[in-house]
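The values are calculated or read from the model by the stated rules, or taken from the named source; none is laboratory data. Note that the structure is a prediction, hence the values are computed from the model and not measured. Cβ placement follows ideal geometry from the backbone for every residue including glycine, while neighbour counts extend to all protein chains displayed.
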Amino acid sequence: MFLLWLSRKISNIEWRSNQSIMCLVELVFRDRQRDESVTKAAVSVMGDLADALGPNTKILFKDCSFCAEFLGDCLQSDDEQLKETTGWTEGMIGRVMVS
(Lines give C-alpha, C1' and ligand atoms only; values in the text may rest on other atoms or scores of the structure.)
Protein backbone atom coordinates (compact mmCIF):
# COMPACT_ATOMS: atom_id res chain seq x y z
CA MET A 1 0.00 0.00 0.00
CA PHE A 2 2.79 2.41 0.92
CA LEU A 3 4.66 1.70 -2.32
CA LEU A 4 1.54 2.40 -4.36
CA TRP A 5 1.03 5.69 -2.50
CA LEU A 6 4.69 6.58 -2.96
CA SER A 7 4.66 5.79 -6.68
CA ARG A 8 1.62 8.04 -7.14
CA LYS A 9 3.32 10.87 -5.25
CA ILE A 10 6.48 10.53 -7.31
CA SER A 11 4.42 10.45 -10.50
CA ASN A 12 2.58 13.63 -9.44
CA ILE A 13 5.86 15.37 -8.59
CA GLU A 14 7.33 14.32 -11.94
CA TRP A 15 4.23 15.61 -13.76
CA ARG A 16 4.37 18.97 -11.99
CA SER A 17 8.10 19.26 -12.67
CA ASN A 18 7.56 18.59 -16.36
CA GLN A 19 4.76 21.16 -16.47
CA SER A 20 7.06 23.69 -14.81
CA ILE A 21 9.76 23.00 -17.36
CA MET A 22 7.28 23.51 -20.18
CA CYS A 23 6.13 26.78 -18.58
CA LEU A 24 9.73 27.94 -18.72
CA VAL A 25 9.98 26.89 -22.38
CA GLU A 26 6.78 28.82 -23.08
CA LEU A 27 8.29 31.93 -21.47
CA VAL A 28 11.20 31.61 -23.88
CA PHE A 29 8.78 31.20 -26.80
CA ARG A 30 6.82 34.32 -25.84
CA ASP A 31 9.97 36.48 -25.49
CA ARG A 32 10.49 37.87 -28.98
CA GLN A 33 13.75 39.53 -27.84
CA ARG A 34 15.32 36.19 -26.83
CA ASP A 35 18.84 35.24 -27.73
CA GLU A 36 19.27 32.46 -30.29
CA SER A 37 21.23 30.36 -27.79
CA VAL A 38 18.29 30.50 -25.36
CA THR A 39 15.97 29.36 -28.14
CA LYS A 40 18.26 26.41 -28.93
CA ALA A 41 18.41 25.45 -25.27
CA ALA A 42 14.61 25.57 -24.91
CA VAL A 43 14.08 23.43 -28.02
CA SER A 44 16.71 20.98 -26.76
CA VAL A 45 14.96 20.71 -23.40
CA MET A 46 11.72 19.78 -25.14
CA GLY A 47 13.48 17.04 -27.08
CA ASP A 48 15.34 15.83 -24.01
CA LEU A 49 12.08 15.55 -22.06
CA ALA A 50 10.49 13.50 -24.81
CA ASP A 51 13.60 11.34 -25.22
CA ALA A 52 14.25 10.70 -21.54
CA LEU A 53 10.69 10.26 -20.29
CA GLY A 54 9.10 8.82 -23.41
CA PRO A 55 5.39 7.98 -23.22
CA ASN A 56 5.15 9.69 -19.83
CA THR A 57 5.24 13.02 -21.70
CA LYS A 58 2.54 12.22 -24.25
CA ILE A 59 -0.19 14.21 -22.48
CA LEU A 60 2.24 17.02 -21.75
CA PHE A 61 3.00 17.51 -25.44
CA LYS A 62 -0.58 16.82 -26.54
CA ASP A 63 -1.79 19.63 -24.29
CA CYS A 64 1.00 22.00 -25.30
CA SER A 65 -0.73 24.84 -27.12
CA PHE A 66 2.45 26.67 -28.14
CA CYS A 67 4.75 23.77 -29.07
CA ALA A 68 3.88 23.46 -32.76
CA GLU A 69 4.15 27.20 -33.33
CA PHE A 70 7.46 27.41 -31.45
CA LEU A 71 8.99 24.52 -33.37
CA GLY A 72 7.61 25.92 -36.64
CA ASP A 73 9.21 29.29 -35.93
CA CYS A 74 12.51 27.57 -35.21
CA LEU A 75 12.39 25.67 -38.51
CA GLN A 76 12.10 29.05 -40.28
CA SER A 77 15.34 30.26 -38.69
CA ASP A 78 18.48 30.99 -40.69
CA ASP A 79 20.47 29.10 -38.03
CA GLU A 80 21.18 25.61 -39.38
CA GLN A 81 22.05 24.23 -35.95
CA LEU A 82 18.70 25.42 -34.57
CA LYS A 83 16.88 23.80 -37.50
CA GLU A 84 18.77 20.55 -36.91
CA THR A 85 17.98 20.60 -33.19
CA THR A 86 14.34 21.39 -33.93
CA GLY A 87 14.13 18.47 -36.35
CA TRP A 88 15.55 16.16 -33.70
CA THR A 89 13.09 17.51 -31.12
CA GLU A 90 10.17 17.00 -33.50
CA GLY A 91 11.34 13.43 -34.02
CA MET A 92 11.50 12.76 -30.28
CA ILE A 93 8.04 14.26 -29.71
CA GLY A 94 6.66 12.37 -32.71
CA ARG A 95 8.02 9.11 -31.32
CA VAL A 96 6.26 9.82 -28.02
CA MET A 97 2.97 10.68 -29.70
CA VAL A 98 2.78 7.40 -31.63
CA SER A 99 3.68 5.27 -28.60
Collect the residues in the range 44-86 that are hydroxyl-bearing (Ser, Thr, Tyr) and either at pLDDT 95 or above or over 10 Å from the mean Cα position of the chain (by Cα) (or both), keeping them in residue-number order.
-> Ser44, Ser65, Ser77, Thr85, Thr86
Options Val28, Val45, Val38: the member that is surrounded by fewer than 16 Cβ atoms within 10 Å (Cβ to Cβ) and part of a helix (DSSP H, G or I) = Val38
Give the residues of the range 11-49 that are closer than 18 Å to Lys83 by Cβ and of a type in the set (Gly, Ala, Ser), sorted by residue number.
-> Ser37, Ala41, Ala42, Ser44, Gly47
Residue pairs meeting the criteria (Cβ under 7 Å; at least 6 apart or on separate chains; first on the phi < 0 side of the Ramachandran plot, in the range 41-58; second modelled with pLDDT under 95 and not in a helix (DSSP H, G or I)) | Pro55/Ser99; Lys58/Ser99
